[in-house]
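**Q** Before I ask anything, let me first share the structure, which is written out below as structure tokens.
Values in this text are rule-based calculations from the coordinates and carry no lab data. Remember, predicted model here, so these are calculated numbers, not experimental data.
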Ligand SMILES: [Zn+2]
């Protein structure tokens, strides 16, 4: 399931709803993502978001 932090809008995937946001650390702000948010999250996961582009410009 996908969950969203209402405090910082961090999205995460977990089996059970976490009580604490892993991003901002707030307690009790995690809610279940809407179908729309969940779909957007899954679509984003398919993209190569882990690739860190090296800075092309120096100086
Ligand atoms: Zn948060």
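**Q** Once you have the Cα-Cα distance between residue 8 and residue 46, take 0.36 nm times their residue separation minus that, and quote the gain in nm to one decimal.
**A** Answer, rounded to one decimal: 11.4 nm.
**Q** Let me ask something else. Pop out the Kirkwood hydrodynamic radius of region 2-46 from its pairwise C-alpha distances, inverse of mean 1/r, in Å to one decimal.
**A** It is 10.4 Å.
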